[in-house]
Ligand code: G1P
């Protein structure tokens, strides 16, 4: 009984979809993975990993593709480091290598070789997810100044239900995001969600509450994803499966996070992210 209670309180596993083509960042992504592009001197993915570690995550599943094997190589380039370190004992390189080894201990890789959407990517992690709830982070969305994952895990401990990060967006931008409607308010920054729609047209949008890339999802999502039909743009969307869960009475909270949002998935956003982080 006590063990069961502890188990329900835990979010120890995270997944990160990294198989996307990154077309919004071409030409940078024609030969390189966008998640390794430096943001103020540090690969974007390391900000996401640091957020996970500081939030108490112990195991992270990367969903990559054959085309993005460079991401795996970044964490498994031992021969290269050992050769360099044999020649010169550079303190900076030693500490960077140690940091990479430390990240690597937590990471597992699964493959999504055809980009069929975020929902399909999530389904690939099924065999690794043991807990009842897990965290998902979308690496295009950086949230700085406050650890959003950590705050969501705190809310999870109290409410024991699924959560999605959110923020209010401009009306003419709603079709870029998953948009949700509120069923009731919990407090200033948290709401129970009534419904969620993937990238609605301005006229169809139920609000300006956009879903941002941090999710605490229930294990039940996998059985929904297995049956999930293609949605907008012919992709399998996580939002559509979340919608079915909500319709069946699963509780989801929308959490308006306190940190600063940086969109690293577009060229303008990417350039701005480096500028903003350099000033923190
Ligand atoms: C994905 C989700 C969308 C969400 C967004 C947050 O879209 O499908 O619901 O609002 O992430 O960044 P994508 O950015 O993959 O187009």
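The values are calculated or read from the model by the stated rules, or taken from the named source; none is laboratory data. Here the structure is a predicted model, which is why all the values come from computation and not from measurement. Reconstructed Cβ throughout: ideal geometry from the backbone, glycine too, with neighbour counts over all protein chains shown.
Does residue 165 meet the test of being within 14 Å of the ligand (Cβ to nearest atom), out of contact with any helix residue (DSSP H, G or I) (no Cβ under 6 Å at 6 or more places or on another chain), modelled with pLDDT of 95 or more and closer than 22 Å to residue 136 by Cα? It is false that residue 165 is within 14 Å of the ligand (Cβ to nearest atom), out of contact with any helix residue (DSSP H, G or I) (no Cβ under 6 Å at 6 or more places or on another chain), modelled with pLDDT of 95 or more and closer than 22 Å to residue 136 by Cα.
Going by what's in this entry, would residue 94 be described as closer than 18 Å to residue 41 by Cα and crowded, with 17+ Cβ neighbours inside 10 Å?
On the way: closer than 18 Å to residue 41 by Cα: yes; crowded, with 17+ Cβ neighbours inside 10 Å: no.
No: the conditions fail for residue 94.
Residues in segment 13-32 that are at negative phi and surrounded by 16 or more Cβ atoms within 10 Å (Cβ to Cβ): 13, 14, 15, 16, 17, 18, 19, 20, 24, 25, 29. Taken over segment 33-59, the criterion of being touching a helix residue (DSSP H, G or I) at 6+ places or on another chain (Cβ under 6 Å), buried (at least 20 other Cβ atoms within 10 Å of the Cβ) and closer than 23 Å to residue 21 by Cα is satisfied by 33, 34, 35, 39, 44, 45, 49. Set side by side, the residues 108, 146, 89 differ, and just one is surrounded by fewer than 16 Cβ atoms within 10 Å (Cβ to Cβ) and over 16 Å from the mean Cα position of the chain (by Cα), which is 89.
Of the residues making up segment 232-262, those that are surrounded by 19 or more Cβ atoms within 10 Å (Cβ to Cβ) and under 13 Å from residue 118 (Cα atoms) are 236, 237, 238, 239, 240, 241, 242.
Which one is farthest from residue 64 (Cα to Cα), of the residues in segment 139-157 that are part of a helix (DSSP H, G or I) and within 16 Å of the ligand (Cβ to nearest atom)? Only one residue fits best here, namely 152. Inspect all residues belonging to segment 180-203 and state whether any of them is part of a helix (DSSP H, G or I) and within 19 Å of the chain's Cα centre (by Cα). Taking every residue of segment 180-203 in turn, none turns out to be part of a helix (DSSP H, G or I) and within 19 Å of the chain's Cα centre (by Cα). Beta carbons closer than 8 Å, at least 6 apart along the sequence or on distinct chains, pair a first residue in segment 159-183 that is over 13 Å from residue 255 (Cα atoms) with a second that is more than 14 Å from the ligand (Cβ to nearest atom) and modelled with pLDDT under 95 for 160/8; 160/9. Of all residues in segment 158-175, exactly one satisfies the criterion of being out of contact with any strand residue (DSSP E or B) (no Cβ under 8 Å at 6 or more places or on another chain), part of a helix (DSSP H, G or I) and closer than 21 Å to residue 244 by Cα, namely 175. Filtered by the rule that a residue be over 21 Å from residue 255 (Cα atoms), within 14 Å of the ligand (Cβ to nearest atom) and assigned to a helix (DSSP H, G or I), segment 205-244 gives 225, 232, 233, 234.
I'd like to know if segment 59-78 contains one or more residues that are modelled with pLDDT of 95 or more, over 30 Å from residue 178 (Cβ atoms) and over 25 Å from the mean Cα position of the chain (by Cα). Checked against the condition, which is being modelled with pLDDT of 95 or more, over 30 Å from residue 178 (Cβ atoms) and over 25 Å from the mean Cα position of the chain (by Cα), segment 59-78 yields at least one hit.
Inspect all residues belonging to segment 96-113 and state whether any of them is under 28 Å from residue 228 (Cα atoms), in contact (Cβ under 8 Å) with a residue 60 or more places away in the chain and either touching a helix residue (DSSP H, G or I) at 6+ places or on another chain (Cβ under 6 Å) or within 12 Å of the ligand (Cβ to nearest atom) (or both).
From segment 96-113, those under 28 Å from residue 228 (Cα atoms) are 107-113; that's our starting set.
With in contact (Cβ under 8 Å) with a residue 60 or more places away in the chain added as a condition, the list becomes 111-113.
Okay, now just the ones that are also either touching a helix residue (DSSP H, G or I) at 6+ places or on another chain (Cβ under 6 Å) or within 12 Å of the ligand (Cβ to nearest atom) (or both), so 112-113.
The answer is yes; a qualifying residue exists.
Within segment 170-198, the residues that satisfy the criterion of being closer than 21 Å to residue 269 by Cβ and surrounded by fewer than 18 Cβ atoms within 10 Å (Cβ to Cβ) are 170, 171, 172, 173, 175, 176.
Take the residues of segment 118-129 that are in contact with a strand residue (DSSP E or B) (Cβ under 7 Å, 6 or more places away or on another chain) and more than 16 Å from the ligand (Cβ to nearest atom): which is nearest to residue 177 (Cα to Cα)? Selected residue: 125.
For segment 252-273, the condition of being without any contact (Cβ under 8 Å) to a residue 40 or more places away in the chain, touching a strand residue (DSSP E or B) at 6+ places or on another chain (Cβ under 8 Å), more than 11 Å from the ligand (Cβ to nearest atom) and farther than 19 Å from residue 174 by Cα holds for at least one residue.
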